[in-house]
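Here is the structure we will look at, set down as structure tokens.
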Amino acid sequence: MIKSILLSVDGSIYTEAVLRNGIHLARALEAKLRVLSVIDVRTFEWAMSLGADGFVPVIPSNAYLEESRKLHEQKAEAVLQKSQEILEQEGVLFELEKASGSPVDVICEQSRTVDLIIMGARGEFARWESKMIGATLEAVSRQVNKPLLIVSKQFKPFTKILAAYDGSAMANKALALAGYFANKLGLPVIVLTVANKEKDARHIIDEAIKYLSNYEVQCQGVHVRGSPYQKICDFAHENQIDLIIMGAYGSSRIKEAILGSTTESVMRKSQVPVLLAK
């Protein structure tokens, strides 16, 4: 059950989509929103360390550091003020919070008291990272232990869910989220299994359909062969999927280093929001 949702906002081009997705889910799930803006202290620490350890030491003045800190404070305040205006117009329950620290550490700490986190696929430097996921998002996706919804730049209400299922424990957690979201939002679910053997795929799909029957949702199973991340993203694009739900980082870290991570690849390539089960 999801009753509290953390919205990480940084003033980037993804911020409004984070808010709109939060509003959409808050209404459907009867949840409260917590809007968080983090003042990244690493900026000031970097300036100080560069001054002390740089190849050509340049010591930042106290005036520079103080002015920089004020600008970051003002930005966080402005982001929260704009968020408040939007949320008040929509009439949802919410609270605002400003915090200082490393964004990854703050978000992970705050996640302890919520049921779901929503972040943009990229952060405030998105215009220079067109083919990369944000560094903060990538770190949070690995460290946080709550479901994480990664949204695109443009908000679109969900109409069809794709649940990527391979029978693993983490994928089973994703299946539970798919059933819950589909039930609450009144949406159909397509269970996608990427496997080379037809017999194995049939067993996995039957298992998923049986599980989802408990949620009283419309669902169907599809089996394809190929690269998991490629097939997941291609299927979503070709079938007008609005939300991909999948388990996060199912392989070992050693295997990921050698073969790559399906999770990270889907996060980078997907053109629609991705919900990671943890």
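Observations on the model:
- Taking Met246, Met267, Met1, Met119 and counting other C-beta atoms within 10 Å, the order from fewest to most: Met1, Met267, Met119, Met246
- Cα→Cβ-extended label distance, 7 Å offset, between Glu85 and His237, nm: 3.6
- Ranking of Ser12, Ser37 by neighbouring Cβ atoms within 10 Å, starting from the fewest: Ser12, Ser37.
- Linear extension gain, Ala139 paired with Asn172, 0.36 nm per residue minus alpha-carbon span: 9.6 nm
- Taking label positions 7 Å along the Cα-Cβ direction at both Lys160 and Asn214, the computed distance is 2.7 nm, reported to one decimal.
- Two-site FRET efficiency, Asn183 against Glu73, from Cβ-Cβ distance with R₀ of 41 Å, rounded to 0.05: 0.45
- Each Lys and Arg contributes +1 and each Asp and Glu -1, all at the Cβ; summed about the Cα centre of the range 161-277, the dipole is approximately 220 debye.
- Out-of-range pairs (alpha-carbon distance over 29 Å; input Lys75/Lys173; Lys156/Lys269; Lys82/Lys231; Lys160/Lys199; Lys146/Lys197): Lys75/Lys173; Lys82/Lys231; Lys146/Lys197
- Panel order for Thr113, Thr262, Thr159, by other beta carbons found within 10 Å of each beta carbon, from fewest to most: Thr113, Thr159, Thr262.
- Geometric descriptor of the range 161-277, per residue, is 90 Å³ (volume of the convex hull of the Cα atoms).
- Cβ-Cβ distance of Glu198 and Leu93, R₀ of 45 Å, FRET efficiency by 1/(1 + (r/R0)^6): the value works out to about 0.40.
Bear in mind these aren't lab numbers, they're just calculated from the coordinates by the rules spelled out. None of the values given here were measured: they were computed from a predicted structure. Note: ideal-geometry Cβ built from the backbone for every residue, glycine included; neighbour counts use all protein chains shown.
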